[in-house]
1. With +1 assigned to the C-beta of every Lys and Arg and -1 to the C-beta of every Asp and Glu, and no other charges, what is the dipole magnitude of the stretch 182-467 about the Cα centre in debye, to the nearest 20?
2. Below 8 Å between Cα atoms, with a sequence gap of 6+, how large is the relative contact order for the stretch 350-410 in percent?
3. Using the basic label-point model (7 angstrom from Cα toward the beta carbon), what is the D141 to R356 distance in nanometres?
4. Please tell me the relative contact order of the stretch 120-170 in percent, rounded to the nearest whole number, where contacts are Cα pairs under 8 Å and at least six residues apart.
5. Convex hull over the Cα atoms of the stretch 182-467, averaged projected area in nm²?
6. Amide H of N85: which non-local residues (sequence gap of 5 or more, or other chain) have their own amide H closer than 5 Å, using H built in the peptide plane?
7. Sort T226, T327, T155 so that the residue with the fewest other Cβ atoms within 10 Å of its own Cβ comes first and the one with the most comes last.
8. Tell me the relative contact order for the stretch 182-467 as a rounded percent, counting alpha carbon contacts under 8 Å between residues six or more apart.
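The numbers here are math on the coordinates, done by the rules we state, and not lab data. The shown structure was predicted, so the numbers you read here are calculated from the model rather than taken from an experiment. A quick note on method: Cβ atoms are made from the backbone with ideal geometry, for glycine too, and the neighbour counts reach across all protein chains shown.
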Amino acid sequence: MVVGLEFMAVWFFSDIDKKLPLCENSKYRVRGSSSLNKALTLNRAKKQESMESMGLISINAVKPGMVLAQDVRDRNGRLLIRQGNELSDEHLRILRIWGVVEADVEGADREELEGASREGLAPEILERAKVLVLERFQHNDSALPAVAELIRFCTLRKARELQDQPAKAASRPEPARETASPALAVKQLKPVDPLRLLTEDTTLGSLPIVFQKLLSVLNDSRSSATDVAEVISNDTDLSAKLLRIVNSAFYGIRSKIDTISRAVTIIGSNQLLSLAMGLSIINFFKGIPSELVDMASFWRHSVSCGIAARLIASFHRTPNTERFFVTGLLHDIGRLFIFKELPDYAKAILVAARARQSLLTPIESEILGFTHQKLGGALLKHWKFPVSLEKNVRYHHEPAKAVNRNEAAIILLADVMAHALEHGSSGECYVPRLDAATWDCLGLPLAFLGQTAVQVDYQLDEILKFFMTE
Ligand SMILES: [Fe+2]
Ligand SMILES: [Fe+2]
């Protein structure tokens, strides 16, 4: 599947390359360029070097009209865009979607360009942005370099938003509108047994049929791409949605794909299976009262986490990165289950967390006796999801307890990024805590955070519209 995607990227960019004129008189000339894919071929030291040396500038600071001075290649060395080509707005948009994260521009180094991007931001707007961002990060240690980098990036981003889209920037997640006393709400609730909740819950039996079949395919090592195509093709609604996605700009395939079996061939069975499961599980959780959670916001958060998790896993060349997309998509499913099955408890948790300016997880433990991550893990185990997926969900707020700490750490960092970027919310108002051990075990360069954030921003809107349509 990944190979298929790479092939498409090469094919797509090679095609673009042919159309671009050579522009020798451009104001900016790119001395060199790199992409996340290219960086993947380097060892860790070289990755660090590629991102922090030679005046490489973030794709955020690259503007139309700049000219590539070196070929852009994928991690296998195949040509994406040839040296000398001038970049257009459309190229920049697609480069972001595909993960090209920085370029090196002659005559305009990183500081100059990124400084220029701050020009026009009034000091009071920057200050206001910083206050808002720090409020969201209040449960994090800003002395941790990774947290400081996220705060820096988010402050600039927020300042631009405050200046350009003040109405959007002012909007914040409103997890609970209740004003009742949290103490009063807690007193009226009885303890909950999470195992009984799972085994006695009748709605579990009504999991969408197609979802159950997809799970069977996922869990059966003898399943083939043909089985995936067959299960999906039998659900006309799901098939139609998937075909819209694979024909979207997210995949950039020029020839129209009109059957699921061809989609499996082109983008891969794992990828299609992941998307199908994500689409069908969204339907299962419809009908949760909006006073508890805005479902559009919940899935925006979840899809953002999935995209970020896949990008982080890709950086490490972790096998089968699609499972990280699904894990990110489902990482807070325990919270959704609480909203659906225990609305009174959910309300009490939200109100108490709001009143105390607390993260939700400790309040969940206090009121329910368990957390959303524990319930989410138990739910995925009950549904017979792969063990790795179940464990990564269970430990996404405490990777140190996971057998595979790195995989759980990927989900935690992805969750932190989704919150930092204000990509929706699963009810949480604050950025979850990123600890030094989690960051260190991932071995990422600091520059990765901003570059990946830009990619998530661009990929999210491309794919989310397909998740949220009827
Ligand atoms: Fe969570
Ligand atoms: Fe989350």
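1. On the way: 29 positive and 28 negative charges, 40 e Å.
Roughly 200 debye, rounded to the nearest 20.
2. Details: 53 pairs, mean separation 12.6, N = 61.
Worked out over the stretch 350-410, it gives 21 percent.
3. 2.2 nm
4. Relative contact order for the stretch 120-170 comes out at 44 percent.
5. With the hull built on Cα positions only, its mean projection is 14.7 nm².
6. So N85 has HN proximity to L68.
7. Details: T226 11, T327 30, T155 20.
Exposure proxy ranking, most exposed first: T226, T155, T327.
8. Working: 362 pairs, mean separation 61.6, N = 286.
For the stretch 182-467, the relative contact order is 22 percent.
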